[in-house]
Amino acid sequence: MFRRALTLLCATVVVIFSGLITTSAPAYAASSNLQFVRLAEIENDLSGFCLTAHDSSTNGAKIYQDRCGLAQDEWKIYQDLAYLPSVVYEFRNQDSDKCLADPSSSQTAGAQFIQWTCNNFDSQRFWIKNLDTTTELGFAENLASTLYMDDKGASLTAGAAVIQWTFNGQLNQKWYFAASPATGPCCVE
């Protein structure tokens, strides 16, 4: 009798815990694992222009390249420790406090990046690949799309769209994570 009651109790506990496991929060749930790395201007290696959110207070504002030194082209770089041992980053606009995002987690090459309220989804997370720790140049790959941040058409013009594109290793996909002088080196790979 005691064994049957104990077995029934154990089975009930297993059912309760398995219910908790299946109803747990999804992997993209809010993360408290963000660690500030630095404040930076994210400058394209080919054009010399910086990543900018022109209408920096609006969700869905398109991301362009523009001259560096504008208030809306400074980005707070955070490392998301939830992805360890991988090194994954979030780029948050200093002016709007909104995140650089792949719109609707698009898998489409050519989709223009936007800014959106930070929500900890993979569409707002990036790996910085082939980072040269001396020059701080690297390629930013979006986790959701696995496409790379790209100065559309290798444009040398202010106002050109910043899109996601298949990796090609060209300078229009290479970005310099230029720090404000007091923030130190960036983004250990």
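FYI, it's all coordinate maths here, none of it is from the lab. From a predicted model like this one, the values you see are computed outputs, not experimental measurements. Cβ atoms come from the backbone with ideal geometry, glycine included; neighbour counts cover every protein chain shown.
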Filtered residue count, the range 131-145, keeping only those that are touching a residue at least 24 places away in the same chain (Cβ under 8 Å) and out of contact with any helix residue (DSSP H, G or I) (no Cβ under 6 Å at 6 or more places or on another chain): 10
Qualifying positions in the range 141-164 - over 14 Å from CYS50 (Cα atoms) and not in a loop (DSSP other than H, G, I, E, B): GLU141, ASN142, TYR148, GLY153, GLN164
Positions within the range 130-170 being in contact with a Gly (Cβ under 6 Å, 6 or more places away or on another chain) and on the phi < 0 side of the Ramachandran plot, in sequence order: LEU131, ILE163
Contacts under 7 angstrom Cβ, first residue in the range 70-88 being part of a loop (DSSP other than H, G, I, E, B), partner hydroxyl-bearing (Ser, Thr, Tyr), 6 or more apart: LEU70/THR52
Residue tally, condition crowded, with 20+ Cβ neighbours inside 10 Å and in a helix (DSSP H, G or I), over the range 119-129: 2
Number of the exception - ASP132 against (1) among the acidic types (Asp, Glu); (2) closer than 16 Å to GLY60 by Cβ; (3) exposed (fewer than 15 other Cβ atoms within 10 Å of the Cβ): (2)
Tally of residues being touching a Leu at 6+ places or on another chain (Cβ under 9 Å) and farther than 17 Å from ARG125 by Cα across the range 155-165: 2
Residues that are farther than 19 Å from TRP127 by Cβ, out of contact with any helix residue (DSSP H, G or I) (no Cβ under 7 Å at 6 or more places or on another chain) and among the charged types (D, E, K, R), drawn from the range 33-78: ASP55, LYS62, ARG67, ASP73, GLU74
